[in-house]
1. Could you sort 187-194, 282-289 so that the peptide with the highest average Cβ count within 10 Å comes first and the rest follow in order?
2. So for the chain, averaging the separation of alpha carbon pairs under 8 Å that are six or more residues apart and normalising by length, what relative contact order in percent results?
3. Ranked highest first by average number of other Cβ atoms within 10 Å, how do 96-105, 262-271, 216-225 line up?
4. Using the beta-carbon distance between residue 174 and residue 268 and R0 = 22 Å, what value does 1/(1 + (r/R0)^6) give for FRET efficiency, to the nearest 0.05?
5. Taking only Cα atoms and a 10 Å spring cutoff, compute GNM fluctuations for the chain and point out the largest among 197, 115, 29.
6. Out of (i) 32, 24, 18; (ii) 58, 22, 16; (iii) 29, 23, 21, which label holds the value of semi-axes √(5λ) of the Cα gyration tensor in Å that was computed here?
7. Tell me whether segment 141-216 comes out rounded, prolate or oblate; compute the Cα gyration tensor, take square roots of the eigenvalues as a ≥ b ≥ c, and use a/c under 1.5 as the rounded threshold.
8. If each of residue 165 and residue 90 carries a label point 7 Å out from its Cα toward its Cβ, how far apart are those two points in nm?
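Taken together, the values in this text are just the output of simple stated rules run on the coordinates, not laboratory data. All figures in this text were calculated on a predicted structure; none of them were measured in a lab. Reconstructed Cβ throughout: ideal geometry from the backbone, glycine too, with neighbour counts over all protein chains shown.
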Amino acid sequence: MTDAPLLGNPPRAADRRARAGDGVLRDPLTGQQVLIAGHRQDRPQTRTGPCPFCPGGTEAPDPYDVKAFPNRWPALPGASEVVLYTPRHTGSLARLSQQEVRKVVDLWAERTAELGRRADTGYVLVFENRGGEAGASVDHPHGQIFAFPEPPDVPMRELRSGTCALCAESVADDLVVLGTRGWRAWVPRAAGWPYELRLAPRAHVPDLPSLSSESRDEMAWTLGEALRRLDRVVGGTMPSMMWIHQRPTRGHWPQAHLHVHVTGLWHAPGRRRHVAAGEHGSGVMVNPVVPAVAAGRLREA
């Protein structure tokens, strides 16, 4: 990896250690898990020079179709990687062809397997912040991967029952947005976000590396089309967040069922959905869009 900076000069090692904290901490009152990453304050939020992710740029000096590399500004003390979806500077997963998204899925699976073999990895989280409103600091289509030492609380809450909630869940027809023979996308009945989506294989598959070639093709189409539906609903690019939950890399987890969470941040064109104090203080989300209505609009989009 080149020594040239990605988005500015990374902090000195001593400063980084002093400000990065002790990894994942837990608040003794609330039980909330937190990562202290003070060094990321220095990460520039705008760029005036060439894109570091375009071919020939700082992080991609050679031609590529898809690419993963270590993040220079990691929030996580462990492995933290950036995943480039395409050499083209503009667009998103929604604008890629099924074949192009399939290459991204293959890279996610490859990196999950590789990071999962490390002794210091307990969970691999694949995620994306799409658009500046969602926190993306570089316009080039990309996502990230965190390799946590231990499984974080959110995916663990989905696994604690000991049974597969996705296999047991009966999704009503009015909540289903689209699907293939092997994959399905739907709006959760208790969606906390206006245009929240859940995507999963119909078969019980534990993680990305376990997907067959056919299922990876179907995942690529379902994910790309789901994101395109979000964009059509608002007549532009819907700022969104996406994360993939899968089996922890250590231990026995027969209840783990691979799935994708997508949250659209707008409840109407250009109107941001803000999480307010009542929601933060209570932990109860307030959704201004009825889930079945959201699903209907996405089906029609």
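1. On the way: 187-194: 19.4, 282-289: 12.2.
Descending packing order for the listed peptides: 187-194, 282-289.
2. Normalised by residue count, the contact order of the chain is 17 percent.
3. Working: 96-105: 18.9, 262-271: 17.2, 216-225: 22.3.
Going by the mean number of other Cβ atoms within 10 Å, highest first, we get 216-225, 96-105, 262-271.
4. On the way: r = 21 Å, r/R0 = 0.95.
Rounded to the nearest 0.05, the efficiency is 0.60.
5. Greatest mean-square fluctuation among the candidates belongs to 29.
6. Read-out from the structure maps to (iii).
7. On the way: a/c = 1.37, a/b = 1.21, b/c = 1.14.
Taking the square roots of the gyration eigenvalues as a ≥ b ≥ c, segment 141-216 is rounded.
8. If labels sit at residue 165 and residue 90, their model points lie 4.0 nm apart.
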